[in-house]
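The values are calculated or read from the model by the stated rules, or taken from the named source; none is laboratory data. As the structure is a computational prediction, the values presented were derived from the model and not from experiment. Note that we place each Cβ from the backbone using ideal geometry, even for glycine, and neighbour counts take in every protein chain shown.
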Amino acid sequence: MVNTNSSFPQEELKSFKDISFKLGSNSHLVQAAGGNTSIKSDGRMLIKASGTWLINSLDKDIFVEVDLNSISKKINNGKEDNFIDDIISKNNLHPSSETSFHALINRKYVLHVHSTTTIANAISQSSESDLRKYLDEDFIFVPYCRPGFTLTMEIKKLILPSTNILVLENHGLIVAGDDIEDTYKLLLKIHEKLDLIRNEKLGLDFLEKITNIGGYIHKNTDKYKLFSTQNEKLFSLFSKSFYPDHVIFLGPGIPTFSEVKEANEFIQNLKRKNINLPPYLILKNKGLFENTLAIPAAKEMIDCFLEVLLRIDLSKSFKFLSSHQESELLNWDIEIYRQSIN
Ligand SMILES: [Zn+2]
């Protein structure tokens, strides 16, 4: 059942949900439960609920109404909160973990996406100056912070009353405005403008099928051929973490190996220790291997990673998430994990 969300005018609500659906249906903008949208009216905010997918905007109840004034007060006091006490809706949903920046940005509509082209241009040492060259728009560049309250506090330091575009380093894009159509168009314009590079030719054209990695399927199709690359720099990036959802759904870096034997030993070692197997492995010059148990969100996330890798300028020096940053996303110590699997 679709919630009627009575405190918002029906027409506004309909356009808002239509645009949320369009964003959620575009895998270059939103993958799995990533990305979120909000609309404000009369001291209230309707925001995507935590764990729900924007692609379900029209056919499921995925939004939750919250008390905007109460949340704004908490942000002004610098008080971290999950805003559970500020929920007005009665649909048992919890507001997105990114609710606080939606509340902070003083515009009727806030659209946040993990645009593959934005990410591809927001993960290098020179991202900010490059983006100033590529985009003839006024935007603020927000240094990487853990998503949630920490990120909102960083945005609070940088945001101006006129700000309607925010590029989040190693994360994505926020576009805000008072007209839903204009805000959506501006978001698409930025996403398209940043589609600058294709690294397609860096993959091997024919991938011989390798079947002997236990529990994994060799993705030897044209689509995934980039992972078979002989380019050393590109290969070195496969095991790095670039943005939060990458870590959450693919783990702290995709394990890469030179030989099938090493991959099989790694799997045996994890099984012996009762540690969950990662959804993907990469074998040098051979390509990508998918765990037969990989969940849909992991599959969306590997495609996102692929689209980002296809669009990065390999002459750049890249910024990755550190072990500490990976740990704070997963709530476990990555260094201890890395030692235990080696
Ligand atoms: Zn995000």
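Of the residues screened, Phe141 is one that is in the same structural domain as Leu104 (by TED's automatic domain parsing), surrounded by fewer than 17 Cβ atoms within 10 Å (Cβ to Cβ) and within 16 Å of the ligand (Cβ to nearest atom).
Every residue, every condition in (1) within 16 Å of Asn291 (Cβ to Cβ); (2) aromatic (Phe, Trp, Tyr); (3) not assigned by TED's automatic domain parsing to the domain that holds Ser323, yes or no:
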{"position": "Ser236", "(1), (2), (3)": "no, no, no"}
{"position": "Lys240", "(1), (2), (3)": "no, no, no"}
{"position": "Asp245", "(1), (2), (3)": "no, no, no"}
{"position": "Phe249", "(1), (2), (3)": "yes, yes, no"}
{"position": "Ile254", "(1), (2), (3)": "yes, no, no"}
{"position": "Phe257", "(1), (2), (3)": "yes, yes, no"}
{"position": "Lys261", "(1), (2), (3)": "no, no, no"}
{"position": "Glu265", "(1), (2), (3)": "no, no, no"}
{"position": "Asn276", "(1), (2), (3)": "yes, no, no"}
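Of all positions in the stretch 234-243, at least one carries a residue that is more than 30 Å from Thr163 (Cα to Cα), in contact with a Gly (Cβ under 7 Å, 6 or more places away or on another chain), away from the ligand (no atom under 16 Å from the Cβ) and in a loop (DSSP other than H, G, I, E, B).
Which residues, counting only those in the stretch 111-128, are within 12 Å of the ligand (Cβ to nearest atom) and more than 13 Å from the chain's Cα centre (by Cα)? Residue satisfying the conditions is Leu111 alone. Residues in the stretch 184-205: is at least one in contact with a Phe, Trp or Tyr (Cβ under 9 Å, 6 or more places away or on another chain), over 30 Å from Val167 (Cα atoms), at pLDDT below 95 and of a type outside the set (Ser, Thr, Tyr)? Checking the stretch 184-205: not a single residue is in contact with a Phe, Trp or Tyr (Cβ under 9 Å, 6 or more places away or on another chain), over 30 Å from Val167 (Cα atoms), at pLDDT below 95 and of a type outside the set (Ser, Thr, Tyr).
Evaluate the stretch 99-112: report whether one residue or more is within 30 Å of Arg198 (Cβ to Cβ), in contact with a strand residue (DSSP E or B) (Cβ under 7 Å, 6 or more places away or on another chain), in contact (Cβ under 8 Å) with a residue 24 or more places away in the chain and buried (at least 24 other Cβ atoms within 10 Å of the Cβ). Please lay out each step first, then the result.
First, the residues of the stretch 99-112 that are within 30 Å of Arg198 (Cβ to Cβ): 111-112.
Then keep just the ones that are in contact with a strand residue (DSSP E or B) (Cβ under 7 Å, 6 or more places away or on another chain); that gives 111-112.
Right, trim to in contact (Cβ under 8 Å) with a residue 24 or more places away in the chain and you get 111-112.
In the following step, the residues that additionally are buried (at least 24 other Cβ atoms within 10 Å of the Cβ) were identified as 111-112.
There is at least one residue in the stretch 99-112 that is within 30 Å of Arg198 (Cβ to Cβ), in contact with a strand residue (DSSP E or B) (Cβ under 7 Å, 6 or more places away or on another chain), in contact (Cβ under 8 Å) with a residue 24 or more places away in the chain and buried (at least 24 other Cβ atoms within 10 Å of the Cβ).
So, in the stretch 238-262, exactly how many residues are of a type in the set (Val, Ile, Thr), surrounded by 21 or more Cβ atoms within 10 Å (Cβ to Cβ) and under 18 Å from Leu226 (Cβ atoms)? Write out each step before concluding.
Going residue by residue through the stretch 238-262, those that are of a type in the set (Val, Ile, Thr) are 247-248, 254, 256, 260.
Filter once more, so that each one left must be surrounded by 21 or more Cβ atoms within 10 Å (Cβ to Cβ): 247, 254.
From what is left, the residues that are under 18 Å from Leu226 (Cβ atoms) are 254.
Residues that pass the stated criteria total 1.
Set side by side, the residues Leu135, Leu166 differ, and just one is modelled with pLDDT of 95 or more, away from the ligand (no atom under 16 Å from the Cβ) and either assigned by TED's automatic domain parsing to the domain that holds Tyr243 or surrounded by 16 or more Cβ atoms within 10 Å (Cβ to Cβ) (or both), which is Leu135. Among the residues of the stretch 71-89, is there at least one that is modelled with pLDDT of 95 or more, more than 16 Å from the ligand (Cβ to nearest atom) and among the acidic types (Asp, Glu)? Yes, the stretch 71-89 has at least one match.
Among the residues of the stretch 172-201, those identified as within 21 Å of Phe101 (Cα to Cα) and assigned to a loop (DSSP other than H, G, I, E, B) are Asp178, Asp179. Selection of first residues in the stretch 32-49 that are farther than 29 Å from Ile295 by Cα and of a type in the set (S, T, N, Q) and of second residues that are more than 13 Å from the ligand (Cβ to nearest atom) and assigned to a loop (DSSP other than H, G, I, E, B), restricted to Cβ pairs under 9 Å at least 6 apart or on distinct chains, gives the following pairs, ordered by first then second residue: Ser41/Ser7; Ser41/Phe8; Ser41/Pro9; Ser41/Lys108. Residues in the stretch 151-163 that are within 13 Å of the ligand (Cβ to nearest atom) and either charged (D, E, K, R) or over 21 Å from Arg132 (Cβ atoms) (or both): Leu151, Thr152.
Can you tell me which residue in the stretch 56-84 is nearest to Ser20 (Cα to Cα), limited to those that are free of Cβ contacts under 8 Å to residues at least 40 places away in the same chain and of a type in the set (S, T, N, Q)? Checked the stretch 56-84; the qualifying residue nearest to Ser20 (Cα to Cα) is Asn56.
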